[in-house]
Amino acid sequence: MTTLAAPGTPGQARGRLPLLTQVGLHILLIAGGFLVLLPFLIMLLVSFMPKEVILTRAFALRLATWDNYIQLFQAVPFGRFYWNSFVVALATTSIQILTASLAAFAFARLRFRGRDILFLVYLATLMIPFQVTMIPNFILIRYLSWYNSYQALILPAAFSVFSTFLMRQYFMSVPLDLDEAARMDGAGSGRIWAQIIMPLSGPVLATLAIFNFQASWNDFLWPLVITNSLEMRTIPVGLSSFQGEFNTEWNLLMAGSVVALLPILIIYIIGQNWFVRGIAFSGLSGR
């Protein structure tokens with residue numbers, strides 16, 4: 001005869017952490033969260049402070065002003081920087097997801113000789129630093145007469161090994177029975193990719209969209225190298241104009257950083273649930 005454990009007995013509490021340990025963990029997490037948020041809080045505070053207050057470090061909420069945000073758009077064509085970053089990030093993310101999903105579909109769902117070896121060779125290119133390929137890419141862009149253009153900012157980042165790897169891992173978790181049933185109904189590989197695999201890949205698509213949009217939005221080196229006019233600058237390069245050799249406009253730099261952070265923050269808040277699911281199902285969570 002089985003005896004049920006009474007409430008509050010060790011049998012019921014088995015596997016639960018002691019109260020003191022739980023309190024300690026929560027305090028540790030709160031402290032860690034505060035340390036992560038502290039730089040953003042300082043950035044937000046400085047963005048509202050006049051330049052004189054920043055130099056003297058005499059911060060006070062009564063001195064807060066919106067003038068920094070007004071001067072930000074007057075000192076440089078920040079609206080143009082914002083538009084360029086948005087166009088480049090959106091186009092790069094869209095094209096990269098398209099190309100990565102097609103390559104991942106081939107590596108995960110199609111059977112052909114040398115598939116796994118080809119994928120390993122393709123994956124090995126992750127070890128090649130961007131600085132190694134930057135000069136060849138620059139020479140190619142100049143040869144195509146794309147220097148200082150949207151093509152130069154978008155197309156070199158249109159293909160991603162990491163995105164292909166992430167999507168392949170996710171596609172491999174989808175049962176092959178779906179492909180076989182679709183082929184029996186006369187569907188080809190293209191139709192299987194478009195009507196079966198992609199609709200089931202919402203979490204990994206959202207994850208890649210956040211990753212790629214953020215990477216493109218924050219990219220500094222390539223836009224700096226491949227553009228030479230204010231009309232084609234992106235936000236990271238535009239923000240550097242507030243930093244000189246002997247002086248830095250901290251108030252405008254922090255105001256610009258706050259404005260630049262908003263799209264990334266909004267995108268992550270909207271897609272955070274999909275982001276977590278995509279990481280869990282794609283095999284990067286350590287499970």
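Quick note: the coordinates plus some simple rules give every number you see, no bench work behind them. Keep in mind that what you see is a predicted model, and the values were worked out from it rather than measured. FYI the Cβ positions are ideal-geometry reconstructions off the backbone, even for glycines, and counts take in every protein chain you see.
The fraction of Cα-Cα pairs per 10 angstrom bin, counted from 0 for the range 59-107, comes to 21, 24, 21, 17, 12, 5, 0 percent, rounded to whole percents.
Span-like helix criteria (full DSSP H runs; alpha carbon extent of at least 20 Å along the helix axis; mean Kyte-Doolittle hydropathy of at least -1.0) are satisfied in the chain by 19-47, 78-109, 202-218, 250-282.
Ellipsoid semi-axes for the range 47-142, based on the Cα gyration tensor and the rule √(5λ), read 48, 16, 16 Å when sorted largest first. Which of [x] 0.93; [y] 1.18; [z] 1.33 is the computed Cα Rg over 2.2 N^0.38 Å for the structure on display? Answer by label: [z]. Of the trypsin sites (Lys or Arg not before Pro) found in the range 83-116, those in coil by DSSP whose Cβ has at most 14 other Cβ atoms within 10 Å are R111, R113. The Cα atoms of the range 19-63 give a gyration tensor whose axes a ≥ b ≥ c have a/c of 1.5 or more with a/b greater than b/c, which makes the shape prolate. Here is how the number arises for the chain: DSSP H runs of 4 or more residues each give -39500 (n - 2.57), the sum is divided by the residue count, and the result at 222 nm is -21500 deg cm²/dmol.
In the Gaussian network model of the chain, springs joining C-alpha atoms below 10 Å, which of Q243, Q131, Q96 carries the largest mean-square fluctuation? Of Q243, Q131, Q96, the most mobile in the Gaussian network model is Q131. For the pair N273 and Q71 in one chain, pulling the backbone fully straight at 0.36 nm per residue adds 69.0 nm over the alpha carbon distance. Using a Gaussian network model of the chain in which every pair of alpha carbons under 10 angstrom is joined by a spring, one finds that among P236, P199, P50 the greatest mean-square fluctuation is at P199. Taking 0.36 nm per residue of separation and subtracting the Cα-Cα distance, full extension of the segment from L44 to L262 would add 77.3 nm. Loop-located chymotrypsin sites (Phe, Trp or Tyr not before Pro) in the range 73-148 (DSSP state not H, G, I, E or B) with no more than 12 neighbouring Cβ atoms inside 10 Å: F112. Could you work out which residue, out of L17, L166, L98, moves most in a Gaussian network model of the chain, that is, has the largest mean-square fluctuation with Cα springs under 10 Å? Greatest mean-square fluctuation among the candidates belongs to L17.
Among T234, T65, T164, the order by Cβ neighbours within 10 angstrom, fewest to most, reads T65, T164, T234. Give the distance, in whole Å, between the Cα centre of the range 225-256 and the Cα centre of the range 140-160. After rounding, the separation between the Cα centres reads 22 Å.
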